[in-house]
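Heads up: the structure comes next, in structure tokens.
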Amino acid sequence: MTNSPHFGVMVPQIKRTWQETRRASLAFEEMGFDSLWVNDHLYGPQSPAIPMLEAWTLAAGIAAATEKPEIGTLVTPVGMRNPAHTGKMIATVDNIAGGRVIPGFGSGWMLREFTDFGMPFVSTRDRLRQLEEGLQIFKGMFDADQDEFSFEGEFFHTENLVTQPKPPRDMPILVGGGGEKVTMRIAAQYADIWNNSAGAQDDLEHKVSVLHGHAKALGRDPSELRVSQQCLVTIVEDDAKVGPMVERAQKIFGGHMGNPAGDMALTGTPAMIKERIEKHVELGCDMFMIEFFGRDTIEPAQMFAETVIPEFR
């Protein structure tokens, strides 16, 4: 790998005020994290009643408040909004950020996020078609050489669509999702970054092999695709605290963020976590989107920034 590891961090977004999210974003920037990530859910995953800040308007606020880190979504369901309107929002946020946005896309899975907001929740096959069509639209909209963009698909169409101002940079596009037949083929064809979900972290080696297989079949150099890993980080000062921390994390997350006791989990002391990161890099993954475990995620993030990040700089 020629890239040095990239360390991104998920900002607090659920049951948080904007002031709390802003405070954490500025703290993470000060600590030296490479990127800040938001979840693109219109509802809290456990219940619609759980307060949840919307992703792209939140990203705009973070873009205005910060100066250095990249900003992205894990991940934006393409069919959940009008994709042309979404592309316009993303281009605007990237202008606010001065060229720091990494838009992340997926097919979506939460029915009420679509239907409650008046969007059809189609079959899995059709949501994957929406993802592929949406990526074509975004690439056309963001292309600096295209003044107008027209597209006619099964689900979406645009006619003489103008996107001005364009994003300030050639934005790297991320696709998330582990479906090996379709989603990962779409990623291999259209994405600059493929993100492995936290739940599939222990399967990283196999997933990278599948991704590279798709890239080769499409005539694309696999080295052009960066691999990122969504992950839970449970970091403690000494060995005696590892076990209790893992037990608490398993109870709270229940597998949603992977297995804190898994072979690839970024769990334990800084030295243990450093070894696991090196293992990821050996397998071809050098980008990490971290959810820190703790009541106040700023505290474990500070420990990680002081004890782990310097080992890779």
> Please state the relative contact order of the stretch 1-154 as a whole percent: Cα pairs under 8 Å, 6+ residues apart?
Replying inline: 19
> If you find the alpha carbon centre of the stretch 270-313 and of the stretch 186-200, how far apart are they in angstrom?
Replying inline: 20
> Mind listing the phi-derived Karplus ³J(HN,Hα) values for the stretch 157-171, rounded to whole Hz, using 6.51, -1.76 and 1.60 with θ = phi - 60°, and x for any glycine or proline?
Replying inline: 8, 10, 9, 6, 6, 10, 10, 9, x, 6, x, x, 10, 6, 5
>> Can you compute the equivalent ellipsoid semi-axes for the chain, i.e. the square root of 5 times each eigenvalue of the Cα gyration tensor, sorted largest first and rounded to whole Å?
In response: 31, 22, 19
> How far is helix 298-307 tilted off the main Cα axis of the chain, in degrees rounded to 10, range 0 to 90?
Replying inline: 70
>> Residue by residue through the stretch 178-191, what is 3J(HN,Hα) from phi via Karplus (6.51 cos²θ - 1.76 cosθ + 1.60, θ = phi - 60°)? Round to whole Hz and write x for glycine and proline.
In response: x, x, 6, 7, 10, 4, 6, 5, 4, 4, 5, 8, 10, 8
>> Restricting things to Cα coordinates, could you compute the convex hull volume per residue of the stretch 75-228 in Å³?
In response: 120
> If R0 is 51 Å, what FRET efficiency do you get for Ile298 and His157 from their C-beta distance, rounded to 0.05?
Replying inline: 0.70
> Check Ile173: other-chain or 5+ apart residues with amide H under 5 Å from its amide H, H built from backbone geometry?
Replying inline: Asp192, Ile193
> For the modelled label position 7 Å from the Cα of Asp116 along Cα-to-Cβ, which residues of the stretch 1-45 have backbone nitrogen atoms closer than 17 Å?
Replying inline: 13-16, 39-45
> What ³J(HN,Hα) values, in whole Hz, does the Karplus curve 6.51 cos²θ - 1.76 cosθ + 1.60 give for the stretch 53-59 when θ = phi - 60°, with x put for Gly and Pro?
Replying inline: 6, 5, 5, 6, 5, 5, 4
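Going by C-beta contacts inside 10 Å, put Arg313, Arg112, Arg185 in order with the fewest on the left.
The order, fewest Cβ neighbours first, is Arg313, Arg112, Arg185.
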>> Along the Cα→Cβ direction, 7 angstrom out, place labels at Asp202 and Ala49. What is the inter-label distance in nm?
In response: 3.4
> What percent antiparallel are the DSSP beta bridges of the chain, to the nearest 5?
Replying inline: 10
> Which angle from 0 to 90°, rounded to the nearest 10, does the C-alpha axis of helix 124-142 make with the longest principal axis of the chain?
Replying inline: 80
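Only the coordinates and a few stated rules stand behind these numbers; no lab work does. Computed from a predicted structure; not experimentally measured. Please note: Cβ atoms are built from the backbone with ideal geometry, for glycine as well, and neighbour counts cover all protein chains shown.
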